[in-house]
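The values are calculated or read from the model by the stated rules, or taken from the named source; none is laboratory data. Quick caveat, the model's predicted, so the values are computed rather than measured. Cβ: placed from backbone, ideal geometry, glycine included. Neighbour counts: every protein chain shown.
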Amino acid sequence: MLGEGILKGLAETAKNFAGSFVSKERLTTVEYPEERLPLPEASRNFPFLVYDGADWEKGMRCVACQICEKECPPKCIYIEKSKDKKPDFVGKMQIYPAKFDIDISVCMSCQICVEVCPFEAIKMDVEYELATDDRFGGLLLDRKQLAKPNEYYHKIHPTEATHVDAKLAEEKAKAEAKAKADAAAKAKAAADAAAKAAVATAAPTTESTRTTADPSTAVARATSAQDDKTGVTTQAAQPTLVPAKAEPKKDGGD
Amino acid sequence: MSIVFWILSFLTVLGGLAAVTLRNTVHCALAVAIAFAGLALLYLQLDAQFAGFAQILIYIGAVAILVVFAILLTRGSDTPTDGIFSRTWFAGTAIAAAVFAVLGWAVIQSVHALPHETAAPEVTVNQIGNALLGRYVLPLEIVALLLTASLVGAVMVAMHEKGESK
Amino acid sequence: MVSTLDQIFVLLKHWIVSLLPAVLQPVTGVVLSVVAIICVFPALFAISVLLERKGLGRMQNRIGPNRVGPLGILQPVADGIKSLTKEDIVPTNADAVVHFMAPVFLVVVVFMGYAVLPMGRNMTLVKMDAALLFYFAMGASTELAVFMAGWSSRNKYSLLGAMRAVAQMISYEVPLLLSSVSVVMITGSLSLDKIVEAQNQYTWGLPHWYIFTPWGCAAFVMFAIAATAETNRSPFDLPEGESELVAGYFTEYSGFKFAEFFLGEYVGMLSISGLGTTLFLGGWSAPLEVLGFVPSWIWFFSKVMLSICVMIWMRGTLPRLRQDQLMNFAWKFVLPFTLLILVDVVVWRFMGEGWLRWVVCSAILLIAYVGIGRSEMLRKKIGPRSYRYAE
């Protein structure tokens, strides 16, 4: 019948009008800035630097390897390395960035810096209320502005953060296990070396050449075992650092 | 002859004069609308309510619109390049003066013809309606027929044009 | 007490007038009423603008403006300040005098219409015998103002919008007048006061409003359609269609002149709602006899605001009609139906009182409505779309 469609339309709008006072699905407005829409977990805006613990300088994961600086397509990252070193999360002494600037007016949020970072130091933030009236420096974030704690990372990307934490813990455990194995092996070698040294002094000098290598390595391992006990592990092969000068010393006595 | 009458007649005459002397044709049409309004107010001043409001409704609401549409749809809306006064102005003025003289003589004669002491008649819309459909029904029907004929003719002309252009 | 509240404005006016010397009294009385109208109706305009924005928002599943005051109440104030402080740009080629006069003329003519509306018992500004004719005369003059606005801008699109607006207003003027004539025929007078008094009678507690009769209901629907088209409201707002013609005939207007057009449109809407209320909804009479203690002017303004709400509701629901659909609808459906309503009124008047005339009149109208509707829909003139999109 003529006019039926109009009446149906009027009924629908009336339902919308009345329903907007009672049900949420008929009033979909989110009143910014009092309310905000929850962002999905995988959303990203600009990068930030993660630090563990309470002190942002000491706990920063970044080691100024400059891979992200080189990989960044619009070249918005500027890094200056420090002159001294600080220990990183596994205990090894690493350099840290003295200056780490990201120009977020240039950054295109491509996430390449996050993908290439071997130390899980740079991650994507979701902060979007970054408007400023300082045209020249306001959008240039420095190290202090970029540093955010690991708890914050957990808050914004929980699954990612747990994954990263698990990975880092695994690496740390592996390194510790390796160091322990090294230390055990070194202790064993040191014990072997001591035994062999005792045998070597009783044996003729013809065998000294064969055993010279062992005491030096045994000493090195002993020192590394000692280092291990203080909690700082080393992964590089230390025996090469100990010169053969130790040999005449060992030859003399024990 | 009250002050209101003088003001209203001045307005009407001014509108008429402007309608013939202004350069832009659409301005002339709007001045004619002012003249119509002046006439309507004169009718109202004479207590002829129906005539006054019908004048506004029909003349300003329809005839003036018709005039401006006609001006716009033809090329009258361009400002004229020649002078606005025609070259045969003397003959035109003479004829207009003659018509004015005849009408003025008729009006003045009628004033003498009527008795002086009649009060103004009280004409309500009711009485006009009764008169139109009682005493004057034949002129009413003839006028209606004439209007219908012109309407049908206009539609036929427009349709014929549309048929041609197709 | 009740009648004092009902007549409170009249008594106030008499009191103020009596304070002045006798020579000034008639003029002062009129001036006071005029000032009252000029204060009240723009305030109602502000309220209806706010109501429209919030109402449309809710119908479109969003909140309307809510920042300016609590719940956005001061939004019209902000809009007014904005309009007043914007730069008034007049195009170089525009006809300066006509460009200036068009909004002024529109506002003047629209406010003149309020002189004859009975806003309460004894609350008409001017009691005229031919009041309805005066109202329509003022409505017709609005078209000239619209044309002036469109032409003086020297802008082809404004002119096109003005032409469309004038064509639309003229086409819908005839059904508007004819549907009011049906009321006049039954009442026997063009005076709006008499029309309201004729509707102020009650049978079994229910009023004699004309909308409760079959021809009155149909005439009210036709009147409402024609009134919506006269004031260029959605769904008939092609002349000011924002997506087609920027703003149609008032494209070249900025600042306060634009506000004047806006004011003119909404005040015109209020005015024609007032007329519809007077003609069909009983003006200032109460819906039930028992509710007669509520002041009459409250009823009048409530009915006017209810009509405004319905207009806003239609705006939020219906899509815009195309110019040819609009004109077809006017001349092929609304006008014939209105003429039939006139015949129906005659049948109603000359059949005796009783249930038979209700049945006969309703039957005539229903059959005609369904018949015309069906035939038009079958011939694909109105109704769901009859063309196919390219596959």
Kindly indicate the residue of segment A:1-49 that is surrounded by 15 or more Cβ atoms within 10 Å (Cβ to Cβ) and closer than 30 Å to residue A:106 by Cβ and also nearest to the other protein chains (Cβ to nearest Cβ) among those meeting that condition.
A:45
Filter segment A:53-64 down to residues that are assigned to a loop (DSSP other than H, G, I, E, B) and in contact with a strand residue (DSSP E or B) (Cβ under 9 Å, 6 or more places away or on another chain) and give me whichever is surrounded by the most Cβ atoms within 10 Å (Cβ to Cβ).
A:62
Go through (1) within 14 Å of another protein chain (Cβ to nearest Cβ); (2) in a helix (DSSP H, G or I) and name the single condition residue C:234 misses.
(2)
Of everything in segment C:26-64 that's among the charged types (D, E, K, R) and assigned to a helix (DSSP H, G or I), which residue is nearest to the other protein chains (Cβ to nearest Cβ)?
C:58
Residue count, segment B:37-56 (criterion: more than 10 Å from every other protein chain (Cβ to nearest Cβ) and either in a helix (DSSP H, G or I) or of a type in the set (Ser, Thr, Tyr) (or both))
6
Helices (runs of 4 or more DSSP H) enclosed by segment C:249-330 - at least 3 residues per element that are among the aliphatic types (A, V, I, L, M) and under 25 Å from residue C:152 (Cα atoms):
C:256-280
Go through (1) under 29 Å from residue C:349 (Cβ atoms); (2) touching a residue at least 40 places away in the same chain (Cβ under 8 Å); (3) buried (at least 19 other Cβ atoms within 10 Å of the Cβ) one by one and return the number of the condition residue C:205 breaks.
(3)
Look through segment A:72-89, keep the residues that are in contact with a strand residue (DSSP E or B) (Cβ under 9 Å, 6 or more places away or on another chain) and over 17 Å from residue A:101 (Cβ atoms), and return whichever of them is surrounded by the fewest Cβ atoms within 10 Å (Cβ to Cβ).
A:83
Which residues, taken from segment C:152-190, are under 22 Å from the mean Cα position of the chain (by Cα), part of a loop (DSSP other than H, G, I, E, B) and buried (at least 22 other Cβ atoms within 10 Å of the Cβ)?
C:190
Only unsatisfied item for residue C:109, checking (1) of a type outside the set (Gly, Ala, Ser); (2) modelled with pLDDT under 90; (3) buried (at least 18 other Cβ atoms within 10 Å of the Cβ), is (2)
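Can residue A:98 be described as assigned to a loop (DSSP other than H, G, I, E, B), aliphatic (A, V, I, L, M) and away from chain C (no Cβ under 14 Å)?
Details: assigned to a loop (DSSP other than H, G, I, E, B): no; aliphatic (A, V, I, L, M): yes; away from chain C (no Cβ under 14 Å): yes.
So residue A:98 does not fit the description; no.
Taking the stated definitions as given, is residue B:75 within 30 Å of residue C:142 (Cβ to Cβ), more than 14 Å from every other protein chain (Cβ to nearest Cβ) and modelled with pLDDT under 90?
It is true that residue B:75 is within 30 Å of residue C:142 (Cβ to Cβ), more than 14 Å from every other protein chain (Cβ to nearest Cβ) and modelled with pLDDT under 90.
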Within segment B:88-129, count every residue that is modelled with pLDDT under 85, among the aliphatic types (A, V, I, L, M) and under 30 Å from residue C:133 (Cα atoms).
4
